[in-house]
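Chemist: Below is the structure I would like to discuss, written out as structure tokens.
The values are calculated or read from the model by the stated rules, or taken from the named source; none is laboratory data. Being a predicted model, the structure only gives us computed values, none of them experimental. Reconstructed Cβ throughout: ideal geometry from the backbone, glycine too, with neighbour counts over all protein chains shown.
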Amino acid sequence: MRHLAAAVAAALLVSGCGSEPADDGPREEPAPAQAEQSAAAGADPAAATTPDEAALAVALRATDLPAGWSVQANPVPDGDLSGNPSLDGLCGVAFPSEARRTAKHPVVGLDPAGAATVVAEAIAYDSAEAGELAMTELRDAFESCPAGDRTFADPPVVEGLTGNVVAVRYRLADGTVQDVVAQGRGAVVSVLLAEDPAAGATAARGIGARIAALPVPAVGR
């Protein structure tokens, strides 16, 4: 999903604060990124009471990834989602559900060499119906991708996923193979993109376990 990947990778490059990327080595995470990463790592999914809290609790964590990997949170500045899409435009498709988002938590997974190889967004919607609409729109978008945009292969098989699942694997024109694993439960959707299939599967399972632990009142399903 180039759209999601580009959005989150761009957030990584600017370290979530609108500054220019450095040319000589990694940047230190700014305070907002550190604070969000810490909040997400300590969030108990079973204690969530709202979709926003539930989305934070299922955001990608370092513990979801293989040993030696790390994460960088990229919080949305001021929480303003206007002009900050998650899925809109994927395969040239409009996502009406974008207007129903109430929060999102983008996180990048960095391999031991520091490469951004996994990207994920945990998204909260204003109702269970809106979250389910987003999953339907995502599935429909992949089914209608223009010929030549990407070549689809057999989807990844990942055990331990939760709720409504969309999983696809495709090869881009430059030869890059990407797996997308989306899991939706009520008003919360997690969308993960990985260029390392094993790491992506491990992360998706960790996220799935937390989605399963969310209380029904928090997500509406």
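Chemist: Inside segment 72-83, can you point out the residues that are in contact (Cβ under 8 Å) with a residue 12 or more places away in the chain and either within 13 Å of ALA39 (Cβ to Cβ) or not in a strand (DSSP E or B) (or both)?
Modeler: Result: ALA73, ASN74, PRO75, VAL76, PRO77, GLY79, LEU81.
Chemist: Pick out, from segment 156-202, the strands (runs of 3 or more DSSP E) lying fully within it that include 1 or more residues that are of a type in the set (Gly, Ala, Ser) and in contact (Cβ under 8 Å) with a residue 24 or more places away in the chain.
Modeler: 177-185, 188-194
Chemist: Shifting gears a bit: Pairs needed: first member in segment 97-122, over 13 Å from LEU87 (Cα atoms); second member anywhere, of a type in the set (S, T, N, Q) and part of a strand (DSSP E or B); C-beta distance under 6 Å; at least 6 residues apart or different chains.
Modeler: From residues that are over 13 Å from LEU87 (Cα atoms), the pairs are VAL108/GLN72; LEU110/SER70; ASP111/THR117.
Chemist: So, one more: Only one of these conditions is not met by GLU121: (1) more than 17 Å from the chain's Cα centre (by Cα); (2) of a type outside the set (A, V, I, L, M); (3) part of a strand (DSSP E or B). Which number is it?
Modeler: If we test GLU121 against (1) more than 17 Å from the chain's Cα centre (by Cα); (2) of a type outside the set (A, V, I, L, M); (3) part of a strand (DSSP E or B), just (1) comes out false.
Chemist: Let me ask you something else. Just checking, does segment 164-181 include any residue being buried (at least 18 other Cβ atoms within 10 Å of the Cβ) and on the phi > 0 side of the Ramachandran plot?
Modeler: No, that holds for no residue.
Chemist: Also: Report the residue count in segment 49-64 for those that are crowded, with 24+ Cβ neighbours inside 10 Å and in a loop (DSSP other than H, G, I, E, B).
Modeler: The number of residues fulfilling the criteria is 2.
Chemist: What's the total number of residues in segment 29-48 that are of a type in the set (A, V, I, L, M), free of Cβ contacts under 8 Å to residues at least 40 places away in the same chain and not in a helix (DSSP H, G or I)?
Modeler: 1
Chemist: Looking at PRO75, is it modelled with pLDDT under 95 and under 14 Å from the mean Cα position of the chain (by Cα)?
Modeler: Considered against the rule, which asks whether it is modelled with pLDDT under 95 and under 14 Å from the mean Cα position of the chain (by Cα), PRO75 comes out as yes.
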